[in-house]
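The values are calculated or read from the model by the stated rules, or taken from the named source; none is laboratory data. What you see is a predicted model, and the numbers here were worked out from it, not measured in a lab. Glycine also receives a Cβ, built like all others from the backbone with ideal geometry; neighbour counts cover every protein chain displayed. Accessible surface is based on the protein model in full, side chains and every heavy atom, while ligands, DNA and RNA are left aside. Shrake-Rupley method; radii C 1.70, N 1.55, O 1.52, S 1.80 Å.
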Amino acid sequence: MQSRIFNACVFLGLFCACSALSCRWMEHRFRPYSGNSLDLLDVMAKNMTNSTDGENTVPFPDHLYSQASKASAEGKLSFAVHILKEVSALFEEDQNSASWQEVTVENFLNVVNRQADELHSCIKGHSHMKKRNTKLHLYFKRLSNEILAKMGHSADAWELIRREVKVCLIKADLLVSSLLPSN
């Protein structure tokens, strides 16, 4: 009898350890890292000297977010990881005209890349990561081409990007947080 109970506990423990919903980093470290990335974006805004009225925006593809919010746990994590990786790639572009300090961007990129890496490790089998979401990639490419490139990577362009990226990170946070136990 005790052997059966022990075997059941071992099986349950192994099953839970393999579940995407039991990823320790996601459960214990995601929220602080997510908050940190948003705080760093706010610090960048405080260093902003120019103002923009937001006339040149590329709206976030809400239909993709809606689809991702209905996806499996792995699908939600995959979408969030894709957002984080695209944000990181976007912030690797020329920022010489941006008003924020380089160390703030480096800290921001470290946090975003850590989130992407850790969340990626939470996805079972990593099968969702093999197929890139082309429409999401095209959204970030439009941000690069239609805002940064057309506006000459100016401080105003980077402020628009910062605002758009904040929306993206909030959406990624909402997806991942929907998988976490409530506190």
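Using every Cα-Cα pair within region 97-182, state what percent have a distance larger than 16 Å.
Working: 2422 of 3655 pairs.
So the portion of pairs separated by more than 16 Å is 66 percent.
Could you please report the charge total around L138, scoring K, R as +1 and D, E as -1 over all other residues with beta-carbon less than 13 angstrom from its beta-carbon? Before the final figure, lay out the partial values.
Working: positive: R132, K135, K141, R142; negative: E86, E146.
Overall, the nearby charge balance is +2.
If you look at just the Cα atoms of region 24-178, how large are its Rg and its Dmax in Å?
Over region 24-178's Cα set, Rg and Dmax evaluate to 15.1, 46 Å.
Determine the sum of side-chain charges near C168: Lys and Arg each +1, Asp and Glu each -1, restricted to other residues whose C-beta is under 14 angstrom from that of C168.
On the way: positive: K85, K135, K141, R142, R162, R163, K166, K171; negative: D62, E86, E164, D173.
The answer is +4.
In a shell of Cβ-Cβ distance under 9 Å around L180, excluding L180 itself, what net charge do Lys and Arg (+1) and Asp and Glu (-1) give? All intermediate terms of the calculation are to be shown ahead of the outcome.
On the way: positive: R31; negative: E27.
Within the 9 Å Cβ shell, the charges total 0.
Hey, can you find the accessible area per residue of region 24-178 for me, probe 1.4 Å, expressed in square angstrom?
Values: 7650 Å² over 155 residues.
Normalised by residue count, the accessible surface of region 24-178 is 49 Å².
If packing is taken as the average number of other Cβ atoms within 10 Å across a peptide's residues, how do 167-175, 77-85, 36-44, 93-101 rank, most packed first?
On the way: 167-175: 19.3, 77-85: 25.6, 36-44: 17.1, 93-101: 15.6.
Top of the packing list down: 77-85, 167-175, 36-44, 93-101.
Express in Å², to the nearest 10, the accessible area of R162 obtained by rolling a 1.4 Å probe over the protein heavy atoms while all chains stay in place.
Its accessible surface works out to 20 Å², give or take rounding.
For a quick check: with amide H placed at 1.01 Å from N, whose amide H comes under 5 Å from F91's, ignoring anything fewer than 5 positions away on the same chain?
Sorted by chain and number, the residues that satisfy this come to none at all.
Taking the Cα centroid of region 139-183 and of region 59-78, what is the distance between the two, rounded to the nearest whole Å?
Their Cα centres are 15 Å away from one another.
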